[in-house]
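**Q** Sharing a structure, written as structure tokens. Questions coming.
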Amino acid sequence: MKSWLTPFLVLALAGAAFLLFPYNLAFLTRILIMILLVLSLDLVLGFAGIATLGQAAMYGTGAYAAGLFAVHASGNPLAGLLVGAFAGAALALVSGLLLMRTRGLTLIMLTIAVASLCLEAANQLRGLTGGADGLRGIRMQPVLGLFPFDFAGQTGYWYALSVTVLVFAGLAVLTRSAFGLSLRGIHESPARMAAIGVSVYWRQVAAYTIGGGIAGIAGALAAQITQLVSLESYSFTISAEALIMLILGGAGRLYGAVIGTVIFMVVHHVAAANDPFNWLFVIGALVLFVVFLVPNGLVSLPLAVTRLWKGARHARA
Amino acid sequence: MQGLEVRGLSKRFGGLTVSENIDFDLPPGARKALIGPNGAGKSTFANLVTGILRPSSGEIRFDGSDIGGLDEPRRVKLGIAKTFQITTLFRKLTVRENLRLPILEREKRGYSMFARAGSSPETEAEVADLLEQFELTAFADRPVGLLAYGQQRLVEMAMTLALRPRVLILDEPAAGVPSSETHLIVNAIERLPKDLAVLIIEHDMDLVFRVARSIVVLVAGRILTEGTPAQISADPKVRELYLGKSHG
Amino acid sequence: MSTGDGMGLFLNILVDGAAYGMILFMIAVGLSVTMGLMRVVNLAHGGFALIGGTLAHWAGQDLGLAFPLALAVAMLGTLAIALPLERLVYRRIYGFGELQQVLATIGLTFLIIAAVNLWQGSALLPVPLPESFARPVDLGFRTLPLHRLVVIGSGLAVIAGLWLLLDRSRFGIRLRAAVDNRGTASALGIDTDRIYMVAFGLGALLAALGGILGAELLPIDAYYPLRYMVLFLIVVAVGGLGSIAGSFAAALGLGMIETAARYLAPDLATIAFFAIVILVLALRPQGLMGKVSA
């Protein structure tokens, strides 16, 4: 397959979605924002092998930072994105200095604890964050001074799509770089990386910080487009769902993050509309199906099916 | 002095002494082997030298300066590298990527985030040379996990050599390799750079006697004796304690 | 809250904290042992407390059974679900990587929640306790509802029972050998498969007991396993994987701290709780009494 073909197809699909579902743009935009968050998780977990259930900490911090920036400083969207990215990266750096010293269950619990701490802090600082009512009063200027946000959500969709495409491209470059190769090395064998002279700790702190910046961008986008930041942005549910989306699609591959997110969100949209508990049946079964039968994620499903098909033919021959 | 110098090195785990008062030299160009029965503390010694373990007492000097307080990555940067007893290669990465990684790290390009990992012609030329030297060119783009065990051992050595070490510790380079493939390992060791200081930790006596010019016998954490292969094979203490058992 | 003086407040914290800690201990201890033993990150363990609570609700409320009978039905019912689950599903999860384990057990949690909802709905599922539990008991220096005493007594009985079982029985020796080193244990001819199953079943049983007795403090509804998942895992991580004494210390300590914070500074209770958890895990990544590096 030509290397430009896949990105071209994905972009064509994104354009087609805009035309086909003009009344669902808010939902499509939410998918894009989640793709960004799951991409950040893919870098941290899929590439660098850092087990986390607390990516919402950076997502929420990016959202509040961008929201507060819009309320108190400037409604410039791009400046707000930078603020969100910086806030997410800063939190990831500070917490990462502690977190990357641990692994396994302790690491997972600490990431959860950091996100919970952020949630509670936002809840208590009502004067600043609006507490449980959420942060309101976000007014955005037009994107690049040209495209005002509209009620139908068209600007929001194109804005989110552009940011997602740029981040995706950036991650594609990053993961193919020497740095990206070293992260894959750490994921496969941290002991060996130390043996070739790499300080695994600092490399992981760096990856966690970059991932935090991207999660911060995702949060900032959500704040700007929905013009609201709620405590939900810090919730465990967001971290856990992002993880499920990533593993569904296939960790360690950028398209896996995209595919997993789209499938999860669409299934959620259809199933949860009927009954939130039925949705749990569906997602529970889907998760078990993937973990037991397609451990490399749905992105590998075509290959797995081909192998199965070939295997069956060989068996018959 | 040049090379590695160990004086009075001891390591205790709780009440258990696994290395006791070891004196050891490894000058440039050395081909030394460390042998001894299971549990003699060979791997512990290697881990003390590379910085995976911290000694309880004693000195480790490299080119005259004390390196006892440095961690493993820092010692690697000084030029002390070790292969692993059990392969911990990057199994899902290709042979080429496995060799690229240590070169990029040696050149301090591990944080380079924009250029493709394989875009530097110098790096790729060096990778190609290593592939050639270890007869791995034909498998360059296969995931390491799919190679035969002997070849994985070669990748292991090539990777470690890619760090351009001045001291190379080979921890059981032939472990798990079928005897039909050990000649690959021997050839590779014989082709190592002449001025490199090499320490081989190995069970396979045939291999040790073929490549080592000097042998150190370790028993219960202490050095029993040291000498040329001829002296060692003639030493009654060694025959009784070690060779006598394994060679019947 | 009527707290006449500082001493009264202190005693309230002590008693409520101890009761809360005992509940946490009963639910988390099985999780700690299975995670230490099978090296499995199990997010579905709270599901057994939910199953126990739901069965007790059904037996007590719908069938009208007396509490002891309902308790027995609930615990046996939980065991009847847990053992086949261990055989059919968990056995395969043990071999997975950490993340796959997280995912598989989250998936399982979702299915348990959805199943309980399908059967009993999403409303609160009160467990009818004997009326005598609400009766105040005069201890001489203090009057307490009997429920608190029952909970604390049960917690102490559980740790005493576990101590006897692990320290004195053949099963206990084998279990400890298996926790310390699986390879050695099976090399010594210990049937680790059976130990896994017994330990898993025992853990599920205790979780059901804790879920039922603790229903006043941690109310039972379908979302129970998700709501308290993090709490139970934190007890395990802070106590140290596979350590029963560690779980006990962590459960009691965290129970006391959270209760104290709720009495003294309710706004800051959650922050204080997580800050202490982070502090402990930063200083001791393997937990208070963990032998296994997590």
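The values are calculated or read from the model by the stated rules, or taken from the named source; none is laboratory data. Since the model is a prediction, treat every value here as computed from it, not as a measurement. Neighbour counts run over all protein chains shown; Cβ positions are idealised from the backbone, glycine included.
**Q** Within the range A:278-311, how many residues are crowded, with 17+ Cβ neighbours inside 10 Å and away from every other protein chain (no Cβ under 14 Å)?
**A** So the count comes out to 1.
**Q** While we're on this one: Filter the range A:216-231 for residues that are hydrophobic (A, V, I, L, M, F, W, C) and either in contact with a Cys (Cβ under 7 Å, 6 or more places away or on another chain) or more than 20 Å from A:ARG126 (Cβ to Cβ) (or both) and give the result.
**A** Filtering the range A:216-231 for residues hydrophobic (A, V, I, L, M, F, W, C) gives A:217-218, A:220-223, A:225, A:228-229, A:231.
Residues satisfying the conditions are A:ILE217, A:ALA218, A:ALA220, A:LEU221, A:ALA222, A:ILE225.
**Q** Would you point out which residue out of C:LEU226, C:LEU217 is surrounded by 19 or more Cβ atoms within 10 Å (Cβ to Cβ) and either touching a residue at least 12 places away in the same chain (Cβ under 8 Å) or closer than 30 Å to C:ALA70 by Cβ (or both)?
**A** Details: C:LEU217 fails: surrounded by 19 or more Cβ atoms within 10 Å (Cβ to Cβ).
Checking each option against the conditions leaves just C:LEU226.
**Q** Given the condition in a helix (DSSP H, G or I), within 8 Å of chain A (Cβ to nearest Cβ), surrounded by 15 or more Cβ atoms within 10 Å (Cβ to Cβ) and among the hydroxyl-bearing types (Ser, Thr, Tyr), answer yes or no: does some residue in the range C:104-115 qualify?
**A** Within the range C:104-115, one or more residues are in a helix (DSSP H, G or I), within 8 Å of chain A (Cβ to nearest Cβ), surrounded by 15 or more Cβ atoms within 10 Å (Cβ to Cβ) and among the hydroxyl-bearing types (Ser, Thr, Tyr).
**Q** Hey, another quick one. Just checking, does the range B:80-103 include any residue being within 14 Å of another protein chain (Cβ to nearest Cβ), surrounded by fewer than 18 Cβ atoms within 10 Å (Cβ to Cβ) and part of a helix (DSSP H, G or I)?
**A** no
**Q** Condition first: closer than 21 Å to A:GLU232 by Cβ, of a type in the set (Gly, Ala, Ser) and within 21 Å of the chain's Cα centre (by Cα). Can you find one or more residues in the range A:92-111 that meet it?
**A** yes
**Q** Could you tell me how many of the residues in the range C:1-37 are crowded, with 24+ Cβ neighbours inside 10 Å and of a type in the set (A, V, I, L, M, F, W, C)?
**A** Looking only at that region, the number is 13.
**Q** While we're here: Has the range C:72-87 got any residue that is within 13 Å of chain A (Cβ to nearest Cβ), part of a helix (DSSP H, G or I) and at pLDDT 90 or above?
**A** Residues of the range C:72-87 that are within 13 Å of chain A (Cβ to nearest Cβ), as a first pass: C:85.
Next cut, part of a helix (DSSP H, G or I) only: C:85.
Those still in the list that are at pLDDT 90 or above too: C:85.
The answer is yes, given that some residue of the range C:72-87 is within 13 Å of chain A (Cβ to nearest Cβ), part of a helix (DSSP H, G or I) and at pLDDT 90 or above.
**Q** Next question. Working carefully through the options B:MET157, B:MET113, find the one that is in contact (Cβ under 8 Å) with a residue 60 or more places away in the chain and either at positive phi or not hydroxyl-bearing (Ser, Thr, Tyr) (or both). Outline the logic, then answer.
**A** Working: B:MET113 fails: in contact (Cβ under 8 Å) with a residue 60 or more places away in the chain.
The conditions single out B:MET157.
**Q** If I filter the range A:101-114 for residues that are crowded, with 22+ Cβ neighbours inside 10 Å, of a type in the set (Ser, Thr, Tyr), part of a helix (DSSP H, G or I) and out of contact with any His (no Cβ under 7 Å at 6 or more places or on another chain), do I get at least one hit? Let's see the steps before the verdict.
**A** At the first step, the residues of the range A:101-114 found to be crowded, with 22+ Cβ neighbours inside 10 Å are A:105-114.
Okay, now just the ones that are also of a type in the set (Ser, Thr, Tyr), so A:106, A:111.
Now restrict to residues that are part of a helix (DSSP H, G or I): A:106, A:111.
With the extra rule that they be out of contact with any His (no Cβ under 7 Å at 6 or more places or on another chain), the set shrinks to A:106, A:111.
Yes, that holds for at least one residue.
**Q** Related question: Taking helices (runs of 4 or more DSSP H) that do not extend beyond the range C:204-265, which have at least 3 residues that are over 13 Å from the mean Cα position of the chain (by Cα)? Show your work before the answer.
**A** Details: elements: C:224-227, C:229-239, C:244-264.
By residue number, C:244-264.
**Q** Could we say that A:LEU97 is in contact with a helix residue (DSSP H, G or I) (Cβ under 7 Å, 6 or more places away or on another chain), within 14 Å of another protein chain (Cβ to nearest Cβ) and surrounded by fewer than 24 Cβ atoms within 10 Å (Cβ to Cβ) here?
**A** Working: in contact with a helix residue (DSSP H, G or I) (Cβ under 7 Å, 6 or more places away or on another chain): yes; within 14 Å of another protein chain (Cβ to nearest Cβ): yes; surrounded by fewer than 24 Cβ atoms within 10 Å (Cβ to Cβ): yes.
Here the answer is yes, as A:LEU97 does meet what is asked.
**Q** Go through (1) over 29 Å from B:LYS237 (Cβ atoms); (2) buried (at least 21 other Cβ atoms within 10 Å of the Cβ) for B:GLY69 and report which single condition fails.
**A** Condition not satisfied by B:GLY69: (2).
**Q** Check the range A:33-44 and report whether any residue there is surrounded by fewer than 22 Cβ atoms within 10 Å (Cβ to Cβ) and either under 26 Å from A:LEU135 (Cα atoms) or at pLDDT below 95 (or both).
**A** Our first condition is that a residue be surrounded by fewer than 22 Cβ atoms within 10 Å (Cβ to Cβ); within the range A:33-44, this holds for none.
No: the range A:33-44 contains no residue that is surrounded by fewer than 22 Cβ atoms within 10 Å (Cβ to Cβ) and either under 26 Å from A:LEU135 (Cα atoms) or at pLDDT below 95 (or both).
**Q** Any idea which of A:MET109, A:MET140 is within 14 Å of another protein chain (Cβ to nearest Cβ) and either more than 23 Å from A:ILE244 (Cβ to Cβ) or without any contact (Cβ under 8 Å) to a residue 12 or more places away in the chain (or both)? Even if it seems obvious, please write down each step before you answer.
**A** Values: A:MET140 fails: within 14 Å of another protein chain (Cβ to nearest Cβ).
After ruling out the rest, the residue left standing is A:MET109.
**Q** Here is a check on your reading of the model: is B:GLU172 of a type in the set (Asp, Glu), surrounded by 15 or more Cβ atoms within 10 Å (Cβ to Cβ) and not assigned by the TED database to the domain that holds B:LEU99?
**A** Values: of a type in the set (Asp, Glu): yes; surrounded by 15 or more Cβ atoms within 10 Å (Cβ to Cβ): yes; not assigned by the TED database to the domain that holds B:LEU99: yes.
The answer is yes for B:GLU172.
**Q** Another question, if that's okay. Any idea which residue in the range A:170-187 is surrounded by the most Cβ atoms within 10 Å (Cβ to Cβ), counting only those that are at the interface with another protein chain (Cβ under 7 Å from one of its Cβ atoms) and without any contact (Cβ under 8 Å) to a residue 12 or more places away in the chain?
**A** Among residues in the range A:170-187 that are at the interface with another protein chain (Cβ under 7 Å from one of its Cβ atoms) and without any contact (Cβ under 8 Å) to a residue 12 or more places away in the chain, the one surrounded by the most Cβ atoms within 10 Å (Cβ to Cβ) is A:ALA178.
**Q** Kindly check whether there is at least one residue in the range A:220-237 that is at the interface with another protein chain (Cβ under 10 Å from one of its Cβ atoms) and not acidic (Asp, Glu). Don't jump to the end; show me each part of the working.
**A** Residues of the range A:220-237 that are at the interface with another protein chain (Cβ under 10 Å from one of its Cβ atoms), as a first pass: A:236-237.
The next check asks that each one be not acidic (Asp, Glu); those that pass are A:236-237.
Checked against the condition, which is being at the interface with another protein chain (Cβ under 10 Å from one of its Cβ atoms) and not acidic (Asp, Glu), the range A:220-237 yields at least one hit.
**Q** Residue check: is A:LEU135 under 29 Å from A:VAL44 (Cα atoms), in contact (Cβ under 8 Å) with a residue 24 or more places away in the chain and within 14 Å of chain B (Cβ to nearest Cβ)?
**A** Working: under 29 Å from A:VAL44 (Cα atoms): yes; in contact (Cβ under 8 Å) with a residue 24 or more places away in the chain: yes; within 14 Å of chain B (Cβ to nearest Cβ): no.
Answer is no for this residue.
**Q** Name the residues in the range A:152-169 that are surrounded by fewer than 17 Cβ atoms within 10 Å (Cβ to Cβ), touching a residue at least 12 places away in the same chain (Cβ under 8 Å) and among the aliphatic types (A, V, I, L, M), would you?
**A** Correct list: A:ALA152, A:VAL165.
**Q** Sticking with this structure for a sec: When the range B:116-138 is examined, which residues are found to be over 20 Å from the mean Cα position of the chain (by Cα), part of a loop (DSSP other than H, G, I, E, B) and more than 21 Å from A:GLY197 (Cα to Cα)?
**A** Within the range B:116-138, just B:SER119 meets the criteria.
**Q** Among the residues of the range A:66-84, is there at least one that is under 12 Å from A:GLY219 (Cβ atoms), more than 14 Å from every other protein chain (Cβ to nearest Cβ) and within 13 Å of the chain's Cα centre (by Cα)?
**A** no
**Q** For the range C:128-162, how many residues meet the condition of being among the aromatic types (Phe, Trp, Tyr) and farther than 27 Å from C:ALA70 by Cα?
**A** Within the range C:128-162, the first condition is being among the aromatic types (Phe, Trp, Tyr), and the residues that meet it are C:133, C:141.
Pick out the ones that are also farther than 27 Å from C:ALA70 by Cα and you get C:141.
Residues that pass the stated criteria total 1.
**Q** Filter the range B:9-49 down to the residues that are assigned to a strand (DSSP E or B) and either touching a His at 6+ places or on another chain (Cβ under 6 Å) or hydroxyl-bearing (Ser, Thr, Tyr) (or both) and list them by number. Show your work before the answer.
**A** Of the residues in the range B:9-49, the ones assigned to a strand (DSSP E or B) are B:9-13, B:16-26, B:31-35.
Scanning the range B:9-49 gives B:SER10, B:THR17, B:SER19.
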